Amino acid sequence: MESIAFYVLGGFSVIGALLVISRRQPVAAVMWLVVSILGLAGLFFLLQAEYLGLMQVFLYGDAITVIFIFIIMVLNVPEEKLPMEQISMGALIGVIFAALGLALFLRPSLLADPGTGGTVSEGFGSISALATAIFERHFLSFQALGILVVVAIIGVTVLSRKEVEE
Amino acid sequence: MEPGISHFLVLSSLLFVIGLVGVMVRRNVLIVLLSIEIMLNGAILASVSFAYFQAMMGAQVFALFLMALAAAEAGLALAILVLVYRKQGVVSADDIQLLKQ
């Protein structure tokens with residue numbers, strides 16, 4: 001049962017990702033990214049990460065894709081201005097090396113014993129367990145993350161303001 | 001048979017490499033940014049699967065931080081893209097070469 005769920009959800013995420021990088025229209029690519037993200041959210045539920053699965057749907061599936069679609073519509077790039085996609089020699093060599101690296105990384109994993117299910121206790125990955133971990137053990141990193149987000153907001157505001165004529 | 005940790009790691013590295021190929025091959029900057037999101041998704045999946053199979057809550061906290069990082073990155077990158085499109089009127093990664101000159 002879990003195996004079927006894993007293969008179906010993993011298939012969704014991989015096929016969605018493949019379609020993202022092969023679409024010409026950016027809006028279609030964003031839609032396939034949503035499919036990929038929803039498959040991953042299902043995998044997170046399978047891994048008992050309930051809160052992360054929810055955040056994957058809310059944060060990735062909603063917020064980030066809405067930002068992308070909004071920007072695509074703001075830019076409103078005409079069809080003839082979309083760049084001609086042709087595979088250059090350098091890109092081809094890069095893809096070959098990426099595939100080789102993947103094979104090298106995957107060989108031990110594919111040969112090894114896949115391992116059994118996790119030995120997690122009841123309530124692992126629930127919101128309260130995650131909150132306990134954040135606020136008891138990783139509080140400083142959480143604060144640092146807040147600073148990072150504030151800096152990003154200030155950066156976006158500074159970048160996108162109109163230049164004032166002197 | 002239940003899926004073990006290597007199943008999840010294989011899936012996460014597949015996603016990472018698909019995103020990497022997208023970054024290298026595509027010229028439309030919007031699609032390059034989407035490919036970066038796919039790469040980050042692969043990294044998050046690896047972190048979450050380690051959290052489950054090693055029973056470590058810290059790895060899930062790290063995955064949550066990665067999601068916030070991805071949101072900040074998407075916002076900043078898209079702001080820069082809007083600025084570049086306003087100034088130069090191109091979305092092709094090959095035509096954006098102001099820094100080269």
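Since every read-out is calculated from the coordinates, none of them should be taken as a lab result. None of the values given here were measured: they were computed from a predicted structure. Every residue, glycine as well, gets a Cβ built from its backbone with ideal geometry; the counts of neighbours run over all protein chains shown.
Here are the numbers:
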item	result
Yes/no for residue A:40 being over 12 Å from the mean Cα position of the chain (by Cα), facing chain B (nearest Cβ under 10 Å) and buried (at least 18 other Cβ atoms within 10 Å of the Cβ)	no
Hits in the stretch B:34-87 - residues which are surrounded by 23 or more Cβ atoms within 10 Å (Cβ to Cβ), within 17 Å of the chain's Cα centre (by Cα) and hydrophobic (A, V, I, L, M, F, W, C)	B:34, B:38, B:44, B:45, B:48, B:63, B:64, B:74, B:78
Failed criterion for residue A:107 (all others in (1) crowded, with 16+ Cβ neighbours inside 10 Å; (2) among the basic types (Lys, Arg); (3) under 30 Å from residue B:58 (Cα atoms) hold)	(1)
Helices (runs of 4 or more DSSP H) completely within chain B that count 2 or more residues being among the hydroxyl-bearing types (Ser, Thr, Tyr) and over 15 Å from residue A:13 (Cα atoms)	B:29-54
Residue among A:71, A:15 that is over 24 Å from residue B:62 (Cβ atoms) and in contact with a helix residue (DSSP H, G or I) (Cβ under 7 Å, 6 or more places away or on another chain)	A:71
Condition check for residue A:97: over 18 Å from residue B:80 (Cα atoms), hydrophobic (A, V, I, L, M, F, W, C), surrounded by fewer than 17 Cβ atoms within 10 Å (Cβ to Cβ) and under 14 Å from the mean Cα position of the chain (by Cα)	no
